[in-house]
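Okay, so here's the structure we're looking at.
The values are calculated or read from the model by the stated rules, or taken from the named source; none is laboratory data. Predicted model, so just to flag it, every value in this text is computed and none were measured. Every residue, glycine among them, receives a Cβ derived from its backbone with ideal geometry; neighbour counts consider all protein chains shown.
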Amino acid sequence: MKKLILVAPMGVSAANGELCIAKAVQPASEHSQALTNDTRFECLAAGNDTTIPEIYKKGWKVASVFPQMIPGASTGLQRTRWTLVIEKN
């Protein structure tokens, strides 16, 4: 039986990652709610009620951002919720 040995180059490290979810908001128009520096996110490790600039100040970076459309609980109308994937080395 042959053994497989994997060698990683120097300086490679695993990153920590998590999802941050913004509060769902009713769009002001037929377009989705704009993502701004004031948008508040809930993140487990990076902090609750935090913004993208605050996330970066804590040493995290945004790897991905995407909108999610969810139905409103009382009206059934579509609401936008921004989701971030953040990571930290």
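Could you please find all residues in region 74-89 being of a type in the set (Val, Ile, Thr), surrounded by fewer than 18 Cβ atoms within 10 Å (Cβ to Cβ) and part of a strand (DSSP E or B)? Even if it seems obvious, please write down each step before you answer.
The first filter runs over region 74-89 and keeps only residues of a type in the set (Val, Ile, Thr), leaving 75, 80, 83, 85-86.
If we keep only those that are surrounded by fewer than 18 Cβ atoms within 10 Å (Cβ to Cβ) too, we end up with 75, 83, 85.
Selection gives THR83, VAL85.
One line per residue, one yes/no per condition, for (1) surrounded by 13 or more Cβ atoms within 10 Å (Cβ to Cβ); (2) at pLDDT 90 or above:
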{"position": "ALA8", "(1), (2)": "no, no"}
{"position": "SER29", "(1), (2)": "no, no"}
{"position": "ALA46", "(1), (2)": "yes, yes"}
{"position": "GLU54", "(1), (2)": "yes, yes"}
{"position": "LYS58", "(1), (2)": "yes, yes"}
{"position": "ALA63", "(1), (2)": "no, yes"}
